[in-house]
Amino acid sequence: MTAPSIPSSPAQHSTLNALNAMAESGWLRQLDVALAAFVARHDPQAAPEVLVVTALLAQMEGRGHSCLPLASLATRPLALHGWAAAAQEALAEVLAPLSTSVDAWTAALRASRCVDAVASASGETPLVLAGPQEAPLLYLRRYWNFEQQVAQGLRARAALLPNEWASTAHETRIRSWLDRLFDPLPEPAQGTACDWQTLACAIALRSRLAIVTGGPGTGKTYTAARLLAALLALAPEPERLRVALAAPTGKAAARLRQSLEQALGGLQQRVGSELDLQAFSTRIGPARTLHGLLGARPGTRKLRHHAGAPLDVDVLIVDEASMVHLEMMAQLLAALPPHARLVLLGDKDQLASVEAGAVLGDLCQGAEGGHYDLETVRYARAAAGVEIPEALRATPGASPEGVSLLAANTVMLRESRRFAGAIGQLARAVHAGDGTRAAALLHRDPTGALHAMEGADPQVAVALALDGDQGAARGGAPAASYRAYLELLRAAPAADDHAAWASAVLAAFDRFRLLCAVREGPWGAQGLSRAIESAARAAGLLRGDGPWYAGRPVMIT
């Protein structure tokens, strides 16, 4: 849009001054205020509400949100998630002279020439007012466009169900292979529990979209490996099946490839000579980052692969999908050929994307409740031998079309093989916001897996890092700690065996991790790292005083 630069009104001047004061205090970025000033220049009649909401929208984008719910500003006192109390107080002062009516805010936005309330894809305004009338949402146009592209892409992919894959004969073939690839549930659980992994695989076999979510240890890659084997077995021309593996980061991609390779190798005995899974695994090739897969190039936002130059792939499995931001998901869907299957794996409650938009979290909002329609219930019974619990079935006609379509392509894995004890219970309590239960577990865990250290000196954690948890050591073996790798590091390798020594050092380092919930402060990653380095030097385990030393862990990006 173009417009002459006209001086702002006194009300706009006052509002911009208040926003600048928030920026000087560190509660807003200068970029946030600059966008509000841009709107003021291009719309001298814009109400103060429009300028305030524009700055806050830019701030929320920087915090990883794709839009701003207007109801959060009309409510007083404010309760903005992630904002410091002092920041909310400063914002409350800015909002004090403004309306507390959502209708008044939306009316001010509709009256501005910088806002498109019709939300047409061809509009030129920088802001888009969308969402239901009772809960309006304000978007930066590019994120509104991305959201529409993702919604349209997922809807089209979920709706494409090839007739041959939905036939009774094909369902029988699917059932036969799933029975071979998955272990049956333990006898006590048979008839009473739902085999979520088998269900996830069956759901992924019937459409071009599958979303598999679950916490650590629920078997996401275990399920994906069996899905790949089933796709190979059921493909009309298995030798031509093209599979790509991807993840948002290089580390996640490498871990996905390694896990799937091991799982496919373990399945070979089950499938016998009918499938050559080793050759199939080799043909899949390495996993790649999403940027690498799509062909990101330095100096430009344009990608090598897009709707006009799609990926040459039949199946794409994306791990750690919770880290995929809105723009990347839109680009990924645009680059997939129409016939390709997309399988998203991830924990909806973990590892949110750095940039704006928590796509997997939004897609999985209803995953806990299932909401499976009658056809999905029938298909699960016929193709997987799985009975979906009554409580997770949708009431006919109760869910909007888009919601039911998404539910039919989503499976939440609910049984963790890794964190079934106190740690799993603690995770569930934290996720549910049950502070009483979490505190009780920390202070009265009979297994000894949890230790409450609030108020303790950080040196407790330093000692744990250097010497390990002696109470957890078993069979006379030394407790896992950083000491083992540091001592190996100090031992000089044999002249002809440097590679073996280096591998041993890396393996020893990999046996122990000290994870922090925050980055800064004495209990944060930075503070503890400095304290551990200092203690290691004092113990003679590290040489040199500078920030760089032999054995310092380095992540290569």
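The values are calculated or read from the model by the stated rules, or taken from the named source; none is laboratory data. All values reported here derive from a predicted model rather than from experimental measurement. Here the Cβ is made from the backbone with ideal geometry for all residues, glycine too, and neighbour counts use every protein chain on show. Accessible surface areas use protein heavy atoms only, side chains included; no ligands, DNA or RNA. Shrake-Rupley method; radii C 1.70, N 1.55, O 1.52, S 1.80 Å.
Checking the stretch 83-92 against the condition returns a match, with at least one residue being closer than 29 Å to Ala358 by Cβ and not hydrophobic (A, V, I, L, M, F, W, C). Please give the number of the condition Leu260 fails out of (1) open to solvent by less than 20 Å² (accessible area, probe 1.4 Å); (2) in a helix (DSSP H, G or I); (3) at pLDDT 90 or above. For Leu260, the exception is condition (3). Filter the stretch 337-358 for residues that are assigned to a loop (DSSP other than H, G, I, E, B), within 14 Å of Ala252 (Cβ to Cβ) and open to solvent by less than 30 Å² (accessible area, probe 1.4 Å) and give the result. Across the stretch 337-358, the qualifying residues are Asp347, Ser353.
Take Tyr139 and decide whether it is under 27 Å from the mean Cα position of the chain (by Cα) and part of a helix (DSSP H, G or I).
Details: under 27 Å from the mean Cα position of the chain (by Cα): yes; part of a helix (DSSP H, G or I): no.
No.
Exactly one condition in (1) within 24 Å of Pro132 (Cα to Cα); (2) open to solvent by less than 50 Å² (accessible area, probe 1.4 Å); (3) not in a loop (DSSP other than H, G, I, E, B) is false for Asp103; which is it? Among (1) within 24 Å of Pro132 (Cα to Cα); (2) open to solvent by less than 50 Å² (accessible area, probe 1.4 Å); (3) not in a loop (DSSP other than H, G, I, E, B), the lone unmet condition for Asp103 is (2).
When the stretch 273-293 is examined, which residues are found to be among the aliphatic types (A, V, I, L, M) and either in contact with a Lys or Arg (Cβ under 7 Å, 6 or more places away or on another chain) or loosely packed, with under 15 Cβ neighbours inside 10 Å (or both)?
Of all residues in the stretch 273-293, those among the aliphatic types (A, V, I, L, M) come to 275, 277, 279, 284, 287, 290, 293.
Across the stretch 273-293, the qualifying residues are Ala279, Ala287.
Pro493 passes every criterion in (1) open to solvent by less than 80 Å² (accessible area, probe 1.4 Å); (2) at pLDDT below 80; (3) closer than 29 Å to Pro248 by Cα apart from (3). Of the conditions (1) within 21 Å of Thr15 (Cα to Cα); (2) in contact (Cβ under 8 Å) with a residue 12 or more places away in the chain, Glu89 clears all except one; give me its number. All conditions are met except number (2).
With the condition kept exactly as written, say whether any residue in the stretch 245-252 is open to solvent by less than 30 Å² (accessible area, probe 1.4 Å), under 22 Å from the mean Cα position of the chain (by Cα), among the β-branched types (Val, Ile, Thr) and modelled with pLDDT of 85 or more. So far as the stretch 245-252 goes, no, none of its residues is open to solvent by less than 30 Å² (accessible area, probe 1.4 Å), under 22 Å from the mean Cα position of the chain (by Cα), among the β-branched types (Val, Ile, Thr) and modelled with pLDDT of 85 or more.
If you go through the stretch 198-219 one residue at a time, how many are in a helix (DSSP H, G or I) and not hydroxyl-bearing (Ser, Thr, Tyr)? Can you show your working first?
Keep residues of the stretch 198-219 that are in a helix (DSSP H, G or I), which gives 198-206.
Within this subset, residues satisfying the condition of being not hydroxyl-bearing (Ser, Thr, Tyr) are 199-206.
Qualifying residue count for the region: 8.
Cβ separations smaller than 8 Å between residues 6+ apart or across chains give no pair from the stretch 412-424 residues that are farther than 14 Å from Gln350 by Cβ and modelled with pLDDT under 70 to residues that are surrounded by fewer than 17 Cβ atoms within 10 Å (Cβ to Cβ) and of a type in the set (Asp, Glu).
Among residues of the stretch 433-455 that are at pLDDT 75 or above, those with a Cβ under 6 angstrom from a residue that is polar (S, T, N, Q), sequence gap 6+ or separate chain, pair up as Leu441/Gln425.
Can you pull out the residues in the stretch 203-230 that are open to solvent by 10 Å² or more (accessible area, probe 1.4 Å) and either at negative phi or β-branched (Val, Ile, Thr) (or both)?
Residues of the stretch 203-230 that are open to solvent by 10 Å² or more (accessible area, probe 1.4 Å), as a first pass: 206, 208, 215-217, 219-222, 226.
Listed by number, the residues that qualify are Arg206, Arg208, Gly215, Pro216, Lys220, Thr221, Tyr222, Arg226.
Taken together, the residues in the stretch 513-532 that are part of a helix (DSSP H, G or I) and open to solvent by 50 Å² or more (accessible area, probe 1.4 Å) amount to 3.
Select, from Leu73, Leu51, Leu68, the only residue that is outside any loop (DSSP other than H, G, I, E, B) and within 17 Å of Ala37 (Cβ to Cβ). Of Leu73, Leu51, Leu68, the one residue that is outside any loop (DSSP other than H, G, I, E, B) and within 17 Å of Ala37 (Cβ to Cβ) is Leu51.
Residues in the stretch 64-103 that are at pLDDT 85 or above and of a type in the set (Lys, Arg): there are none. Evaluating Thr300 against the criteria (1) in a loop (DSSP other than H, G, I, E, B); (2) touching a strand residue (DSSP E or B) at 6+ places or on another chain (Cβ under 7 Å) leaves one unmet condition, (2). If the condition is being within 10 Å of Leu345 (Cβ to Cβ) and touching a strand residue (DSSP E or B) at 6+ places or on another chain (Cβ under 6 Å), then the stretch 205-222 contributes Ala210, Ile211, Val212, Thr213, Gly214, Lys220. The set of residues in the stretch 479-506 being in a helix (DSSP H, G or I) and of a type outside the set (Gly, Ala, Ser) consists of Arg483, Tyr485, Leu486, Glu487, Leu488, Leu489, Arg490, His498, Trp501, Val505, Leu506. If the condition is being crowded, with 16+ Cβ neighbours inside 10 Å, among the hydrophobic types (A, V, I, L, M, F, W, C) and at pLDDT below 85, then the stretch 365-401 contributes Ala367, Ala394.
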